[in-house]
Amino acid sequence: MISPSTPPRHRWFREADADVGLLRSRTVAILGYGLLGRPLALNLRDALGGGIAVGSVDAASSAAACADGFAVQSLGDAAAAADVALVLLPDEAQAELLPDIARRLRPGGMLVFASGYALACGLVAPPQTVDVVLFAPRMS
């Protein structure tokens, strides 16, 4: 048992812990180009050399993505192009936006959430034809 005074143990994953090459032949969709979407898209482009589809509905975020050299698509179009789709949209917008995204995902693809709130509260229902992953970034 861990006592309240026991500090939590953290495992840091670095580039050497993963085979980035597995994503090089895949398309990754960044759905939402805000606080998480922008840095993830830029880092993935640097790591993979391409294969990034950016989906946005917000004019300011779309303009930022274009300024960063990405072609911006609708959320549904970016999801349709993706092998891996990262849902980086605000929790409060996911219930409205996810049905179109979910309809467009390829069977056997992966849907990655950066927040589990909408899933835990039953606000969204991912299709059963894709793998669902929770990527919950934390500040250290």
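Which residue is most open to solvent (accessible area, probe 1.4 Å), if the candidates are limited to region 94-112 and must be assigned to a helix (DSSP H, G or I) and without any contact (Cβ under 8 Å) to a residue 24 or more places away in the chain? So, considering only residues that are assigned to a helix (DSSP H, G or I) and without any contact (Cβ under 8 Å) to a residue 24 or more places away in the chain, the one most open to solvent (accessible area, probe 1.4 Å) is Glu96. Checking each residue in region 74-93 for being in contact with a strand residue (DSSP E or B) (Cβ under 7 Å, 6 or more places away or on another chain), outside any strand (DSSP E or B) and surrounded by 19 or more Cβ atoms within 10 Å (Cβ to Cβ) picks out Leu75, Ala78, Ala79, Ala82, Leu88, Leu89. Here Leu75, Leu42, Leu48 are screened, and the one residue that is touching a Leu at 6+ places or on another chain (Cβ under 6 Å) and over 21 Å from Leu105 (Cα atoms) is Leu48. Residues of region 117-130 include at least one that is open to solvent by 20 Å² or more (accessible area, probe 1.4 Å), without any contact (Cβ under 8 Å) to a residue 12 or more places away in the chain, out of contact with any helix residue (DSSP H, G or I) (no Cβ under 7 Å at 6 or more places or on another chain) and assigned to a helix (DSSP H, G or I). Selection over region 19-43 of residues that are part of a helix (DSSP H, G or I), open to solvent by less than 40 Å² (accessible area, probe 1.4 Å) and modelled with pLDDT under 90 gives a count of 1. Restricting attention to region 44-57, does a residue exist that is assigned to a helix (DSSP H, G or I), open to solvent by 100 Å² or more (accessible area, probe 1.4 Å) and at pLDDT 90 or above? For region 44-57, residues assigned to a helix (DSSP H, G or I), open to solvent by 100 Å² or more (accessible area, probe 1.4 Å) and at pLDDT 90 or above: present.
The values are calculated or read from the model by the stated rules, or taken from the named source; none is laboratory data. Nothing here was measured: the structure is a model prediction, and the numbers come from that model. Ideal geometry is used to build each Cβ from the backbone, glycine not excepted, and the neighbour counts take in all protein chains shown. The accessibility values were calculated without ligands, DNA or RNA, using every heavy atom of the protein model including side chains. Shrake-Rupley method; radii C 1.70, N 1.55, O 1.52, S 1.80 Å.
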